[in-house]
1. Regarding segment 11-30, can at least one residue be identified that is among the small types (Gly, Ala, Ser), in a helix (DSSP H, G or I), surrounded by fewer than 16 Cβ atoms within 10 Å (Cβ to Cβ) and over 23 Å from the mean Cα position of the chain (by Cα)?
2. Test residue 140 against the stated conditions and say whether it is modelled with pLDDT of 95 or more, more than 19 Å from the chain's Cα centre (by Cα) and farther than 20 Å from residue 178 by Cα.
3. State all residues of segment 228-256 that are assigned to a loop (DSSP other than H, G, I, E, B), without any contact (Cβ under 8 Å) to a residue 12 or more places away in the chain and of a type outside the set (Asp, Glu); if no residue qualifies, say none.
4. Return yes or no: is residue 259 outside the structural domain of residue 144 (by TED's automatic domain parsing), over 17 Å from residue 105 (Cα atoms) and part of a loop (DSSP other than H, G, I, E, B)?
5. When you check residue 79 against the structure, is it assigned to a helix (DSSP H, G or I), at pLDDT 95 or above and not basic (Lys, Arg), yes or no?
6. State which residue pairs qualify: first residue within 17 Å of residue 115 (Cβ to Cβ) and in the same structural domain as residue 102 (by TED's automatic domain parsing) and inside segment 54-75, second residue assigned to a loop (DSSP other than H, G, I, E, B) and of a type in the set (Val, Ile, Thr) in any location, beta carbons under 7 Å apart, and separation of 6 or more residues or different chains.
7. From (1) farther than 20 Å from residue 140 by Cβ; (2) surrounded by fewer than 20 Cβ atoms within 10 Å (Cβ to Cβ), pick out the condition that doesn't hold for residue 198.
8. Here are 177, 146, 163, 110: which of them is modelled with pLDDT of 95 or more, in the same structural domain as residue 36 (by TED's automatic domain parsing) and part of a helix (DSSP H, G or I)?
Amino acid sequence: MRYVAPARAAVDPGVFAREPLRSWRAPAAWLEGASWPVIDELNAARPPDMRERFVAQTPALLADGLHYEQRIAGRGEIATRPGNWHDLFNALVWLRHAPVKRALNAQQVAEIATMGTKRRSRPQCAMTHFDEAGVLVVLRDPRLLALWDAHDWHGLFWREREAWRDGRIEVQVFGHALLEHALTPGKLLVGKALVFLAGEGGVGVGARCAGAIASGRLLRDPLELRPLPLPGIPGWHPDGDREAFHRHAACYQPRREGRVYPPPLA
């Protein structure tokens, strides 16, 4: 069933005090204020190196006949529906992770040139899944992968819960649909994760991800993405401090027979 976000005035303010929205609440007025930000406000917040800009999605804009991704690549125009949660979160992700979004766009347009606008390739599906529900994970303790790959959720989130607090594993939500769904309190969200080993030299995970996508090393198939049930992360769900939750949560699915995950990106 298609998710319908709550009206702005009906959103429980408590969702902005809990992850994943807590990390995305600045500027708070855009999410928590009484009024929606206008397009000019979004554009004024662009980082200096972001050449793309937000434009209102109107019938006149759509009359150009271009695919959404083609319009971004060719004219630098990100079609944005005013007063829309999904598109607001997409804008926030652009403002924070423009290089990743730009790499996704370039690869999407390359696939459209081959597939046309009616069919979708495996790489397109992978990129769309990540764009909507993606999570960036930095791993400093590779031993945690054995638990994750086995879908040993009790082990990963309960027995090793300190790993999520002491920096051995870190999560950044990237997918704007995940952020939109988080507007509903207690929703059992599952991200689609790309995993990176902690790097040297101060290169951030966003830059590493953008480079790997641009070079064609990542997101060529949806099976590259690991499921990550976000309610398991300590502090991210109201019931997450109870061991019983980590034994029976509906979002904790067993690993499918034969399912194999790729190694993390070094």
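The values are calculated or read from the model by the stated rules, or taken from the named source; none is laboratory data. All values derive from a computational prediction rather than experimental measurement. Please note: Cβ atoms are built from the backbone with ideal geometry, for glycine as well, and neighbour counts cover all protein chains shown.
1. No, because not a single residue in segment 11-30 is among the small types (Gly, Ala, Ser), in a helix (DSSP H, G or I), surrounded by fewer than 16 Cβ atoms within 10 Å (Cβ to Cβ) and over 23 Å from the mean Cα position of the chain (by Cα).
2. yes
3. Hits for segment 228-256 are 242, 244, 256.
4. Values: outside the structural domain of residue 144 (by TED's automatic domain parsing): yes; over 17 Å from residue 105 (Cα atoms): yes; part of a loop (DSSP other than H, G, I, E, B): yes.
So residue 259 fits the description; yes.
5. no
6. Hits for this filter: 67/117.
7. (1)
8. 110
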